Amino acid sequence: MFIQYISEYLESLKVERGLSQNTIDAYRRDLLAFCEFLNSDGVDELSEIRRVQINYYIKQLHYEKYTATSVTRKIAAIRGWFKWLLANEIIEQDPSLSIELPKLSKRLPKVVSISEIEKILSNHLDTIGAVIVELLYGAGLRVSELVNLELNNIDTQAKYVRCFGKGSKERIIPIGDKAKKAILSYMKLREFILKKYKFDTKHFLVKENGLFVTRQDIYVFIRKQGELLNKHISPHTLRHSFATHMLENGADLRVVQELLGHSDVSTTQLYTHVSKKRLKEIYFSING
């Protein structure tokens, strides 16, 4: 019974909120893990679920050393599910209403400097590698947005990229001359690859073996670039760096919010702290 209602809930999220498949899959894993805990505790009916069981589940997560961020995400998934069950009159009371979220420490996002970005770009990148870096850093794309990019989402004449972020929210991002050059160079290679393997696709990123570039491919590639800097970085590090460098060079906070596709400006404000921290580092390096 649990699985049936989880499936219906996830389908509603997909249709009504337009969440990505990765987000849906994460919710599914979290909810199935919760229901597995309930079953092990002898609970197999929705009407039998009480706040005390949710509290026990949260205690188990802490015992198993899940981070506060992971626990918060799992609680959010459970809350969302119960809210949907209540709204659809499947349950009469929401046992998750008064569950408290763990306090999260506000960690500053990791960034790389402009000189480090230049070091990556000058590291004899191949054509595909160059376009990946230019779009992650030069346009601030999320890795999911990059792998889902289609050919008609890019206009090199008008110099912009159109992508669809969380909740299928569309945004238009301008690109610079370096990104344009990398895209045009890659497009020639892409055309050669499609002819070689005799197929056609709207998908933008294609590997030289004819397969699509995946999230994992990009994570592995960026991790290798980080080794050049003796740093552990991810695709999101380049997105963070894009936002930080924009603010450091005088961009308006609301403009950066639009470029990143943040629904709440408070998310973007985190980067102002990074900029202030960087300014302090520069000041004390000069003035001791």
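The values are calculated or read from the model by the stated rules, or taken from the named source; none is laboratory data. Remember, predicted model here, so these are calculated numbers, not experimental data. In this analysis, Cβ positions are derived from the backbone assuming ideal geometry, glycine residues included, and neighbour counts consider all displayed protein chains. Please note that ligands, DNA and RNA were not included when accessible areas were found on the heavy atoms of the full protein model with its side chains. Shrake-Rupley method; radii C 1.70, N 1.55, O 1.52, S 1.80 Å.
Scoring residue 210 on the criteria (1) outside any loop (DSSP other than H, G, I, E, B); (2) farther than 21 Å from residue 239 by Cα leaves a single failure, condition (1).
The set of residues in region 196-207 that are closer than 13 Å to residue 132 by Cβ and assigned to a strand (DSSP E or B) contains only 206. In the condition set (1) more than 17 Å from the chain's Cα centre (by Cα); (2) outside any helix (DSSP H, G or I); (3) surrounded by fewer than 20 Cβ atoms within 10 Å (Cβ to Cβ), residue 171 is compliant with all but (1). Condition first: in contact with a Ser or Thr (Cβ under 7 Å, 6 or more places away or on another chain), assigned to a helix (DSSP H, G or I) and modelled with pLDDT of 90 or more. Can you find one or more residues in region 17-37 that meet it? Scanning region 17-37 turns up no residue that is in contact with a Ser or Thr (Cβ under 7 Å, 6 or more places away or on another chain), assigned to a helix (DSSP H, G or I) and modelled with pLDDT of 90 or more.
Taking the criterion of being among the β-branched types (Val, Ile, Thr), under 17 Å from residue 206 (Cβ atoms) and open to solvent by less than 40 Å² (accessible area, probe 1.4 Å), the residues of region 114-132 that qualify are 128, 131, 132. Check region 183-195 and report whether any residue there is crowded, with 17+ Cβ neighbours inside 10 Å, among the aliphatic types (A, V, I, L, M) and either touching a residue at least 24 places away in the same chain (Cβ under 8 Å) or not in a helix (DSSP H, G or I) (or both). Scanning region 183-195 turns up at least one residue that is crowded, with 17+ Cβ neighbours inside 10 Å, among the aliphatic types (A, V, I, L, M) and either touching a residue at least 24 places away in the same chain (Cβ under 8 Å) or not in a helix (DSSP H, G or I) (or both).
Does residue 18 satisfy the condition of being touching a strand residue (DSSP E or B) at 6+ places or on another chain (Cβ under 9 Å) and surrounded by fewer than 17 Cβ atoms within 10 Å (Cβ to Cβ)? Against the criterion (touching a strand residue (DSSP E or B) at 6+ places or on another chain (Cβ under 9 Å) and surrounded by fewer than 17 Cβ atoms within 10 Å (Cβ to Cβ)), residue 18 qualifies.
Residue under question is residue 199, and the condition is that it be touching a strand residue (DSSP E or B) at 6+ places or on another chain (Cβ under 6 Å), open to solvent by 40 Å² or more (accessible area, probe 1.4 Å), at pLDDT 90 or above and of a type in the set (A, V, I, L, M, F, W, C); does it hold? Judged against the criteria, residue 199 is not a match. Mind checking which residues of region 163-192 are modelled with pLDDT of 90 or more, touching a strand residue (DSSP E or B) at 6+ places or on another chain (Cβ under 9 Å) and over 20 Å from residue 241 (Cα atoms)? Once the filter is applied, which keeps residues that are modelled with pLDDT of 90 or more, touching a strand residue (DSSP E or B) at 6+ places or on another chain (Cβ under 9 Å) and over 20 Å from residue 241 (Cα atoms), region 163-192 yields 183, 187, 189, 190. Among the conditions (1) surrounded by 12 or more Cβ atoms within 10 Å (Cβ to Cβ); (2) touching a residue at least 24 places away in the same chain (Cβ under 8 Å); (3) closer than 22 Å to residue 92 by Cβ, residue 41 misses just one, which is (2).
Restricting attention to region 164-182, the residues that are in contact with a helix residue (DSSP H, G or I) (Cβ under 8 Å, 6 or more places away or on another chain) and touching a residue at least 60 places away in the same chain (Cβ under 8 Å) total 5. Scanning region 133-164 for residues that are in a loop (DSSP other than H, G, I, E, B), open to solvent by 20 Å² or more (accessible area, probe 1.4 Å) and either over 19 Å from residue 190 (Cβ atoms) or basic (Lys, Arg) (or both) gives 142, 158, 159. The set of residues in region 233-269 that are modelled with pLDDT under 90 and part of a loop (DSSP other than H, G, I, E, B) comprises 249, 250, 251, 252, 261, 262, 263, 264.
Residues that are open to solvent by less than 80 Å² (accessible area, probe 1.4 Å), of a type outside the set (S, T, N, Q) and in contact (Cβ under 8 Å) with a residue 60 or more places away in the chain occur at least once in region 60-80. Look at residue 12 and say whether it is of a type in the set (Gly, Ala, Ser), farther than 30 Å from residue 146 by Cα and open to solvent by less than 50 Å² (accessible area, probe 1.4 Å). Here the answer is no, as residue 12 does not meet what is asked.
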